[in-house]
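Let me begin by presenting the structure, written as structure tokens, before commenting on it.
The values are calculated or read from the model by the stated rules, or taken from the named source; none is laboratory data. What you are looking at is a predicted structure, and each value in this text was computed from that prediction instead of being measured. Here the Cβ positions follow ideal geometry from the backbone for every residue, glycine too, while neighbour counts run over all protein chains shown.
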Amino acid sequence: MPSGPMRHYSIMKTSNMNVFKYFKNLIQLKTQESFDLGVDELAVQLDRMTVESPRDAAHGDLAANTALLLAKPLAQPPRAVAEKLAAALRKESEIAAVEIAGPGFINLTIADEFWQQRIPEILSAGRHYGDHGKRDGEKVNVEYVSANPTGPMHIGHVRGAVYGDALASLLAKAGFDVTREYYINDAGSQIDTLARSVHLRYREALGEGIGEIPDGLYPGDYLVPLGRELAETHGGKWVGAPEEEWLEPIRIAAADAMMNLIKKDLASLGIAQDVFFSERELQASGRVGEMIEVLKNAGHVYEGVLEPPKGKKPDDWEPRAQTLFRATDFGDDVDRALLKSDGSYTYFAADIAYHYDKYKRGFLKMIDVFGADHGGYVKRMKAAVTALSGGRADVDIRQCQIVRLFRDGEPIKMSKRSGSFITLRELLDEVGRDVVRFYMLTRKNDAPLDFDYAKVLEQSRDNPVFYVQYAHARVHSVFRKAAEAFPGMDFSDAALEKADFSLLRHDAELALIKRLTEWPRSVEAAAEAYEPHRIAFYLYDLAAEFHTLWNKGNEDRGLRFIVEDDAALTSAHLALIRAVAIVIASGLGILGVEPVKEMH
């Protein structure tokens, strides 16, 4: 077996310790000390090692598969490897017990003192507990919402907006340099339709009877104020004028007005994006043509004829030469057109140019949040980004499935106020921003979500929004009562860091501490998977551990958070639940939800 360089492992405690990584590093270090690791293969196996929580808590706190991985390279039975490594680990003061299970799994029971000392670390770090250090060169662009600027935001936009915003916050906490971006589709035919709809309202504002809104135009009353504004500014100069005179100025005015509406809607949802990127300006700048030239020079564009679309009969389709991108060279199903028959750019060409602009701005990692109906765009966009960047950049497209609205179990079809859809404002007015944001993250983004107005406002354990907020509010109520029970006593975080944590030794107290220590790992895992819903799940589990301990205090006086004749035990309990409040507030911050101090 060829020799390789010696790998040196080390362990280090930090204020944001990932307990699983800490003990993985400890096991790697002890393995290196116990066995000959002067070969590459052994080092590779150690890197593959996993340290997880056992399915059964009776098997300890952590389980490692080290011996199973090393048995073959060491030419020893797995249990023999495990026994030797276990002997080394038993010497560590942080480990209370080591057991060998099954074919050679190493189960660790961690000393109570180790868990207890995590509490002052959390108090010291505060809301930064769970943060990860900045990742050098790890810029990421998250584009989300990007609703066509043809009207206010409605329920169809909300889930993608919340998911994208929470994902951006999650990645920032995980150490990425995040830019939040909105791509304004203000150059397509839908903006022409918007302009014609506004022109109709403009004529209406000048006293003209417009009757029923023609099919194909936008009927919403939200266009009435803009029609009045144009009438006041321009008088009647566009009433009988040909379309070519008024279409472009009204296009610009209408798109800008709709974007102002959308930005106000985003603000009401707690979203503030860093960049608003205009497709209209992109096309006017000539950058779409420049992008096509880049692809041509790289040999990725040709003139050709595509096969008829699937499902089309031959007489429905005429073959014609087109300017095509060789998308199939990069994993797409078919090559893609860049120019329409009239010589204008396709939507896809503009989208490629937009992503090329992001690449030139230094983003090698891009995330696009799309709706459920954009599945066909995934392969072609990934192909384009790969081609333009020479494989250096990558775009990850995340789709958000539909939200089905219910009221008391009955599906809601539409809003009477808006006439055709339920607006974001209507939703927020009825249930509030925090409920909307949290509930939109109670399912994975690519799974359908049912939103029942009654259930999301229910005050029960079955409502995760309430359950988590209630835990945070309960902590604050305990501190208010503690101030009455111990007047003048210092319950600041700095003072609580000095509490006697050895008093926290009940199984329920230790279970809560262990759940708290999972937070840094949960942040990292959720960020790597682009799944902010994992944060909502973690917060629910943490709240459940907290409420369990609260209920045990009703039966066991020593577990009450305030023990009026025992200041030392009270301080230890308050430090523990203060840590709970810190982590809940940190997690809710990622979700964009305000942690409440009182329930109303």
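Among the candidates Gly160, Gly211, Gly216, single out the residue that is at pLDDT 95 or above and among the small types (Gly, Ala, Ser). Break it down into steps so the answer makes sense when it comes.
Numbers: Gly211 fails: at pLDDT 95 or above; Gly216 fails: at pLDDT 95 or above.
Checking each option against the conditions leaves just Gly160.
If we keep just the residues of segment 258-304 that are assigned to a helix (DSSP H, G or I) and small (Gly, Ala, Ser), which is nearest to Tyr359 (Cα to Cα)?
Pass one, segment 258-304, residues assigned to a helix (DSSP H, G or I): 258-268, 279-284, 287-297.
Adding the requirement that they be small (Gly, Ala, Ser) leaves 267-268, 284, 289.
Details: Ala267: 28, Ser268: 31, Ala284: 19, Gly289: 16 Å.
Only one residue tops the list, namely Gly289.
Across segment 436-454, what is the number of residues that are part of a helix (DSSP H, G or I) and either without any contact (Cβ under 8 Å) to a residue 24 or more places away in the chain or within 14 Å of Ile155 (Cα to Cα) (or both)?
Within segment 436-454, residues that are part of a helix (DSSP H, G or I) and either without any contact (Cβ under 8 Å) to a residue 24 or more places away in the chain or within 14 Å of Ile155 (Cα to Cα) (or both) number 4.
Look through segment 321-358, keep the residues that are in a helix (DSSP H, G or I) and hydrophobic (A, V, I, L, M, F, W, C), and return whichever of them is surrounded by the most Cβ atoms within 10 Å (Cβ to Cβ).
Narrowing segment 321-358 to residues in a helix (DSSP H, G or I): 327-330, 347-358.
From what is left, the residues that are hydrophobic (A, V, I, L, M, F, W, C) are 327, 330, 348-350, 352-353.
Values: Ala327: 22, Phe330: 17, Phe348: 17, Ala349: 24, Ala350: 23, Ile352: 27, Ala353: 25.
The extreme case among them is Ile352.
Select from segment 256-279 the residues that are of a type in the set (D, E, K, R) and surrounded by fewer than 18 Cβ atoms within 10 Å (Cβ to Cβ) and write down the one among them that is nearest to the chain's Cα centre (by Cα). Outline the logic, then answer.
So in segment 256-279, the residues of a type in the set (D, E, K, R) come out as 256, 263-265, 274, 279.
Okay, now just the ones that are also surrounded by fewer than 18 Cβ atoms within 10 Å (Cβ to Cβ), so 256, 263-264, 274.
Values: Asp256: 29, Lys263: 20, Lys264: 22, Asp274: 16 Å.
This residue is Asp274.
Does segment 114-121 contain any residue that is touching a residue at least 40 places away in the same chain (Cβ under 8 Å), within 24 Å of Val580 (Cβ to Cβ), among the β-branched types (Val, Ile, Thr) and crowded, with 17+ Cβ neighbours inside 10 Å? Steps first, answer last, please.
Going residue by residue through segment 114-121, those that are touching a residue at least 40 places away in the same chain (Cβ under 8 Å) are 115-121.
From the residues that got through so far, the ones that are within 24 Å of Val580 (Cβ to Cβ) too are 115-121.
Keeping just the survivors that are among the β-branched types (Val, Ile, Thr) gives 119.
Filter again for crowded, with 17+ Cβ neighbours inside 10 Å, leaving 119.
Taking every residue of segment 114-121 in turn, at least one turns out to be touching a residue at least 40 places away in the same chain (Cβ under 8 Å), within 24 Å of Val580 (Cβ to Cβ), among the β-branched types (Val, Ile, Thr) and crowded, with 17+ Cβ neighbours inside 10 Å.
Within segment 219-243, how many residues turn out to be modelled with pLDDT of 95 or more and in a helix (DSSP H, G or I)?
13
On the given criteria, is Gly362 in contact with a Lys or Arg (Cβ under 7 Å, 6 or more places away or on another chain) and small (Gly, Ala, Ser)?
So Gly362 fits the description; yes.
Anything in segment 541-553 that is closer than 15 Å to Leu516 by Cβ and surrounded by fewer than 18 Cβ atoms within 10 Å (Cβ to Cβ)? List them, or say none.
Matches in segment 541-553: Asp541, Ala544, His547, Thr548.
Looking at Ile122, Ile155, Ile213, can you tell me which residue is over 28 Å from Glu524 (Cα atoms) and within 32 Å of the chain's Cα centre (by Cα)? Before you say what the answer is, go through the steps one by one.
Working: Ile122 fails: over 28 Å from Glu524 (Cα atoms); Ile213 fails: within 32 Å of the chain's Cα centre (by Cα).
Sole residue among the options that is over 28 Å from Glu524 (Cα atoms) and within 32 Å of the chain's Cα centre (by Cα): Ile155.
This table checks each residue for (1) without any contact (Cβ under 8 Å) to a residue 12 or more places away in the chain; (2) of a type outside the set (D, E, K, R).
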{"site": "Arg180", "(1), (2)": "no, no"}
{"site": "Asn185", "(1), (2)": "no, yes"}
{"site": "Gly209", "(1), (2)": "yes, yes"}
{"site": "Pro219", "(1), (2)": "no, yes"}
{"site": "Tyr222", "(1), (2)": "no, yes"}
{"site": "Ala241", "(1), (2)": "yes, yes"}
{"site": "Ile250", "(1), (2)": "no, yes"}
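Specify the residue that is modelled with the lowest pLDDT; the eligible residues are those in segment 359-372 that are part of a helix (DSSP H, G or I) and over 19 Å from Arg135 (Cα atoms).
Taking segment 359-372 first, the residues part of a helix (DSSP H, G or I) are 359-360, 372.
Keeping just the survivors that are over 19 Å from Arg135 (Cα atoms) gives 360, 372.
Numbers: Lys360: 97, Ala372: 82.
Within segment 359-372, the match that is modelled with the lowest pLDDT is Ala372.
Any idea which of (1) of a type outside the set (Val, Ile, Thr); (2) at pLDDT below 95; (3) assigned to a helix (DSSP H, G or I) is the one Trp115 doesn't satisfy?
Single failed check for Trp115: (2).
Tally the residues that are at pLDDT below 90 and basic (Lys, Arg), restricting the search to segment 317-354.
2
Find all pairs meeting these conditions: Cβ atoms under 7 angstrom apart; at least six residues apart or on different chains; first residue within segment 500-518 and under 16 Å from Asp566 (Cα atoms); second residue buried (at least 22 other Cβ atoms within 10 Å of the Cβ) and of a type in the set (Val, Ile, Thr).
Listed pairs, sorted by first residue: Phe501/Ile119; Leu504/Ile513.
Considering only segment 467-552, give the helices (runs of 4 or more DSSP H) lying wholly within it that have at least 1 residues that are closer than 23 Å to Val162 by Cα.
Ranges flagged: 519-529.
What single numbered condition from (1) under 36 Å from the mean Cα position of the chain (by Cα); (2) modelled with pLDDT under 90; (3) not aliphatic (A, V, I, L, M) fails to hold for Pro2?
Against the list (1) under 36 Å from the mean Cα position of the chain (by Cα); (2) modelled with pLDDT under 90; (3) not aliphatic (A, V, I, L, M), Pro2 comes up short only on (1).
Within segment 554-570, identify whether any single residue is crowded, with 23+ Cβ neighbours inside 10 Å, at pLDDT 95 or above and more than 17 Å from Tyr538 (Cβ to Cβ), and answer yes or no.
Start the filter on segment 554-570 by keeping residues that are crowded, with 23+ Cβ neighbours inside 10 Å, which leaves 570.
Next cut, at pLDDT 95 or above only: 570.
Of the ones still in play, those that are also more than 17 Å from Tyr538 (Cβ to Cβ) are 570.
Within segment 554-570, one or more residues are crowded, with 23+ Cβ neighbours inside 10 Å, at pLDDT 95 or above and more than 17 Å from Tyr538 (Cβ to Cβ).
Return the residue satisfying two criteria in turn: it lies in segment 553-600 and is hydrophobic (A, V, I, L, M, F, W, C) and part of a loop (DSSP other than H, G, I, E, B), and of such residues it is nearest to the chain's Cα centre (by Cα). If you could, list the steps in order and put the result at the bottom.
Quick first cut of segment 553-600, residues hydrophobic (A, V, I, L, M, F, W, C) only: 559, 561-563, 567-569, 572, 574-577, 579-585, 588, 590-591, 593, 596, 599.
Right, trim to part of a loop (DSSP other than H, G, I, E, B) and you get 561-563, 593, 596, 599.
Details: Phe561: 34, Ile562: 37, Val563: 40, Val593: 13, Val596: 22, Met599: 27 Å.
Step by step, filter segment 553-600, then rank; the result is Val593.
Identify all residues within segment 66-83 that are closer than 18 Å to Arg48 by Cα and of a type outside the set (Gly, Ala, Ser); write none if there are none.
Result: Thr66, Leu68, Leu69, Leu70, Lys72, Pro73, Leu74, Pro78, Val81.
Looking at this structure, is Val162 in contact with a Lys or Arg (Cβ under 9 Å, 6 or more places away or on another chain), part of a helix (DSSP H, G or I) and either under 30 Å from Leu449 (Cβ atoms) or without any contact (Cβ under 8 Å) to a residue 12 or more places away in the chain (or both)? Step through it out loud before you land on a result.
Numbers: in contact with a Lys or Arg (Cβ under 9 Å, 6 or more places away or on another chain): yes; part of a helix (DSSP H, G or I): yes; either under 30 Å from Leu449 (Cβ atoms) or without any contact (Cβ under 8 Å) to a residue 12 or more places away in the chain (or both): yes.
Against the criterion (in contact with a Lys or Arg (Cβ under 9 Å, 6 or more places away or on another chain), part of a helix (DSSP H, G or I) and either under 30 Å from Leu449 (Cβ atoms) or without any contact (Cβ under 8 Å) to a residue 12 or more places away in the chain (or both)), Val162 qualifies.
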